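Inspection log for the structure reproduced underneath, given as structure tokens.
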Amino acid sequence: GCPSQVAPASPTASPAPSFFKSAPTESDNSEASVTPPPLYPSSNSSAPCVSTSLSTTFDDNVGSYGNMFDVQAFSSAIIIYGVDFYTDVTHLVHYSLYTKLNSFRDDGGRTDMDAWTLVKKGSVNGTGPEGGTPVRDFGNLAIGANEKRSFYVTLNTTDIRYRKITDELPDAKVGDAYVSNEDLEVQVGASVGGYPLTHPDTVLFGKRVWSGTLFYDVGCPSQVAPASPTASPAPSFFKSAPTESDNSEASVTPPPLYPSSNSSAPCVSTSLSTTFDDNVGSYGNMFDVQAFSAAIIIYGVDFYTDVTHLVHYSLYTKLNSFRDDGGRTDMDAWTLVKKGSVNGTGPEGGTPVRDFGNLAIGANEKRSFYVTLNTTDIRYRKITDELPDAKVGDAYVSNEDLEVQVGASVGGYPLTHPDTVLFGKRVWSGTLFYDVGCPSQVAATSSTSPTAPRAPSLYKSDTDPAETDRSDPSISPSQRTDMPSTSISLSSTREEPAIWECGENYIVETTFEGGTGAYGSMFTVTSKSEPVKITTLSFHSDFVDDNVKAFVYTKTGDFIGYENEPRAWKMIAESTLRGAGNGYPSTIPSVDFEPVHMLPNETVSFYITLTTPDIRYTRSNLTLGSPMSSHEYLDVNAGVGLADYPFASELFVYSPRAFNGVVHFSVEAECLPSL
């Protein structure tokens, strides 16, 4: 049973910003499990595989944003290791490749991005009319014998080309075979007339044939995935309109999923519970699980809620700690394992989540989990008083196989809600059910270091009202059990919103020496012993004018290597203001500036740019990243100047340069809520 199920742990991809809308609230009772695809070792393994390919057509006659289509495997499993799509342009295009089990017409695939699993996204120069544009290095994607799997290939521009067959094959239907060989068939599908899929004006056009090539291995018995039953075809649901006419991020690799735990493999099934002695509650929990010397296969999770009515849950996972790679704020860092609805078990025990396939944690590998409801009914334990020296990432409970570490609670839903905060030193209440001792399922470690570097703590005060302590008299039972299933503001859990009283605001001023300048200034800020909040920036410009247009972008970590990568940056300010003139700070109003929260000892990059070459900065002899101005709480470091807008190629990046201006901030540890 187990030897055929080996999957190595996926390397952690570099985080990249999202170009998709936030996932909808997970409150659909009928939502089926969204199972990530099984990924297997690279195609250059020693398995006796035959590598081949199947192309559809490159005789295109129409184009738009993307295509959805189904692939049916025949009597042998196949392992897809490469995809070529067709675009007739040769400039840079930004692609995304998604997959799901069964037809794209099933389980919401035509309208709901949550039905899909991201396989790879990135940027590539189009090959143009000469042939397919390649997508590689996404691991290998298995389609089991007699299994159907669907694909969604999209750009963020209308440069995908394909064939419309309504005239040449008037009797063809979506789902009919278009091209096949002895291993598989690619079926007639649909084009997608908008981007992203969730855009209200996006429509699908039926009877369209994806133009491209699938590269695959066949005849590898050790990699055969069990077949999933093919869902019955859904009725047609495509636009007949005649009009038809792309976004980039790093690869986000889904976790390896395996067949159900009741296989014949000689695995030992066991479990590990944390605690059900809860003392506080909110929307969800994030926590890390560290496997020891043997891989484990998680096949079930129980979470704790004290209610017995219907609750709507979502379970996510990612490699390494939840504190790494944007896990605390960015839903794109997570992979959805299962979402659905279940009646809470209540105080009697854990509420089960099952039937999501099995999730591997390799030997000496760390994997994090995010369990959330869309109401404040997740219960867990706050340990700040009983274990005052405990830190997030410390072991809370362990056995010979694994440990569950101290984590955080999530005080809002969805995670991307602007008022969502995390509370540290919280222990998830629940149970992990897993198999161990299955040598054929051991996943390779994701790096030479089994545990990702520990990030410092930055969590809100224990007294924040987003957490719903059972003893809090201001929360009525009706508010606990009858909350809306749409996006929820944290203040909706109380009759009055919290009033925040913060300590003194601080500034770090660099210099207004000027001497040179261009369109923008890019630099880093490093916090020291306390968490800080950057509230706005002042910059240096010659302008004395009411129409200075300024933009500010940010990213975690250093900017080196990202000077011309707009996808790596998040815009946090767009402001038209009056310039203060030479030698004076022009300040972006705080109402136009989205605050940036920084952990202790964390480095964050900032890029401020104008639409004209009127930012002033100073040539510097400092090493990039070394402090040029310091404060008790943070350093402002030497950076670069950019001589193009909005971003600049390396030919127009000047280094080192000293940002001229002021960083405005407050110290988060000094901010306490009062009601």
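The values are calculated or read from the model by the stated rules, or taken from the named source; none is laboratory data. In this text the structure is predicted, and so the values were computed from the model without any measurement. Backbone-built Cβ (ideal geometry, glycine too); neighbour counts: all protein chains shown. Protein only, heavy atoms only, side chains kept; ligands, DNA and RNA dropped before computing areas. Shrake-Rupley method; radii C 1.70, N 1.55, O 1.52, S 1.80 Å.
Values as computed for the structure displayed
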item	result
Protein accessible area in region 143-210, 1.4 Å probe - carbon and sulfur %	43
Per-residue ³J(HN,Hα) for region 154-171, Karplus 6.51 cos²θ - 1.76 cosθ + 1.60, θ = phi - 60°, Hz, x for Gly and Pro	9, 10, 9, 9, 8, 10, 6, 10, 6, 10, 8, 10, 5, 8, 6, 10, x, 8
Interchain or long-range residues, amide H under 5 Å from T351's placed H	F303, Y304, T305, T345
T526/S55 FRET efficiency (R0 60 Å; Cβ-Cβ; nearest 0.05)	0.70
Prolate/oblate/rounded call for region 92-153, Cα gyration tensor, a/c under 1.5 rounded	prolate
Hz values of 3J(HN,Hα) by residue in region 186-193 - Karplus curve (6.51, -1.76, 1.60), Gly and Pro given as x	9, 9, 4, x, 9, 9, 10, x
Net lengthening on full extension, V397/Y584 (0.36 nm per residue, minus Cα-Cα)	61.7 nm
Positive minus negative residues near G625 (Lys, Arg vs Asp, Glu; Cβ under 10 Å)	-2
Sequence-distant residues sharing a close amide H with T275 (under 5 Å, placed H)	G430
Cα-Cα over 19 Å, subset of K366/K533; K120/K555; K100/K148; K366/K555; K120/K318	K366/K533; K120/K555; K366/K555
Accessible area (Å², per residue) of region 516-618, counting only protein heavy atoms and a probe of 1.4 Å	38
Relative packing of peptides 596-606, 619-629 - highest average C-beta neighbours within 10 Å first	596-606, 619-629
Region 262-341: radius of gyration and largest Cα-Cα distance (Dmax), Å	15.0, 41
Protection proxy ranking of 345-351, 554-560, 281-287 - average other beta-carbon atoms within 10 Å, highest first	281-287, 554-560, 345-351
Burial order of peptide ranges 155-162, 608-615 (average beta-carbon count within 10 Å, highest first)	155-162, 608-615
Accessible area of D401 in the full protein assembly, 1.4 Å probe (Å², nearest 10)	20
Karplus-derived HN-Hα couplings along region 579-586 (A = 6.51, B = -1.76, C = 1.60, θ = phi - 60°), whole Hz, x at Gly and Pro	x, 8, x, 4, x, 10, x, 9
Residues with amide H under 5 Å from that of V280, placed H, sequence gap 5 or more	Y380, K382
